[in-house]
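This report concerns only the one structure given below.
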Amino acid sequence: MEYVLNEDNACIVKEIIQAIHNNSVYLSEIDGETGDGDHGVNMNKGFLMADVRIKEDDSFSEALKKLGKTLVMDIGGSMGPIYGTFFSKLSRTLKTEEKIDAKLFEEALKNAEEGLMNLAGAKPGDKTLVDTIVPAYESFKEAQEAGKGFKECLEALKIGAEQGKESTRDMVAKLGRASRLGERSKGHLDAGATSCCIILQIMADGMIKRMVE
């Protein structure tokens, strides 16, 4: 059985934080095409604040909890509570487990997906980060149901996330500032969908790298 140890794997979350930092300018540029251009700035601020609070020897779930709590408590706007809920839901599902296997991670993804959709009031097709997380989760689930190993399921998640992110180019925004543009929001990536894709792909890569077989 393939699994990732929960203990001492805060490094996966720290890699996510670094990826958001590295892409903060890019995310703000995307946001500036249809919104107010601060998505990367706000994400970077919140993630770097959490980075200071996460210890190297924290478990994966504890690091996720600290990131989620920081985003909810210390970052304004809509993205703080939304991503805070996402990471907190992941953490809550994993926190008592020593080994994280494909079945458990699917459950965690499902809980995070539902938490996001309930809080944001978004559904697929609204041109939000939901358009990344839903196909990513579905791709992971389908791979698992087809009998694929944990690594292959995570690779499927990465592909689903990428396809989901790219699909937002052809959507008309129905929520947030971009929705005021109507049809003019078409032809642009959604910033939230893009940051969600980065997070999921880096998380998957980090787990694959530390997979125990």
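The values are calculated or read from the model by the stated rules, or taken from the named source; none is laboratory data. Nothing here was measured: the structure is a model prediction, and the numbers come from that model. Here Cβ is always computed from backbone atoms with ideal geometry, including for glycine, and neighbour counts include all displayed protein chains. Keep in mind that these areas ignore ligands, DNA and RNA; they rest on the heavy atoms of the full protein, side chains included. Shrake-Rupley method; radii C 1.70, N 1.55, O 1.52, S 1.80 Å.
Would the chain count as rounded, prolate or oblate if I go by the C-alpha gyration tensor, calling it rounded below 1.5 in a/c and otherwise prolate when a/b exceeds b/c, oblate otherwise? Taking the square roots of the gyration eigenvalues as a ≥ b ≥ c, the chain is oblate. Amide H to amide H distances under 5 Å link residue 100 with 4, 5, 6, where only residues 5 or more positions off or on other chains count and H is placed in the peptide plane. In the chain, the calculated helix contribution to ellipticity at 222 nm averages -22000 deg cm²/dmol per residue, counting -39,500 (n - 2.57) for every DSSP H run with n ≥ 4.
Loop-located trypsin sites (Lys or Arg not before Pro) in the range 26-91 (DSSP state not H, G, I, E or B) with no more than 16 neighbouring Cβ atoms inside 10 Å: 55. Averaged over its residues, the chain has an accessible area of 45 Å² per residue, based on protein heavy atoms and a 1.4 Å probe. For the chain, the longest principal axis of the alpha carbon atoms and the long axis of helix 24-34 meet at an angle near 40°. Karplus-derived 3J(HN,Hα) values for the range 116-125, using 6.51 cos²θ - 1.76 cosθ + 1.60 with θ = phi - 60°, are 4, 5, 5, 6, 7, x, 9, 9, x, x Hz; glycine and proline are entered as x. With contacts taken as Cα pairs under 8 Å at a separation of at least 6 residues, the range 23-126 carries a relative contact order of 18 percent.
In order along the range 100-107, the phi-based Karplus estimate (6.51 cos²θ - 1.76 cosθ + 1.60, θ = phi - 60°) of 3J(HN,Hα) comes to 9, 10, 4, 5, 5, 5, 4, 4 Hz; Gly and Pro are listed as x. Specify the angular offset, from 0 to 90 degrees and rounded to the nearest 10, of the alpha carbon long axis of helix 60-74 from the longest principal axis of the alpha carbons in the chain. For 60-74 against the chain, the angle is about 30 degrees. Residue 70 sits among other residues whose Cβ lies under 14 Å from its own Cβ, and their net charge, with Lys and Arg +1 and Asp and Glu -1, is +3. Which of the three applies to the range 47-136, rounded, prolate or oblate, going by the alpha-carbon gyration tensor with a ≥ b ≥ c and a/c under 1.5 meaning rounded? Since a/c reaches 1.5 but b/c is at least a/b, the shape of the range 47-136 is classed as oblate.
Loop-located GluC sites (Glu not before Pro) in the range 1-58 (DSSP state not H, G, I, E or B) with no more than 16 neighbouring Cβ atoms inside 10 Å: 7, 56. Checking the Cα-Cα distances for 45/103; 45/186; 45/99; 69/186; 45/141; 14/69 against a 26 Å cut-off, the pairs over it are 45/103; 45/186; 45/99; 69/186; 45/141.
Computed from backbone phi, the HN-Hα couplings of the range 35-45 come to x, 9, x, 10, 4, x, 4, 5, 4, 4, 4 Hz, rounded to whole numbers (Karplus: 6.51 cos²θ - 1.76 cosθ + 1.60, θ = phi - 60°; Gly and Pro given as x).
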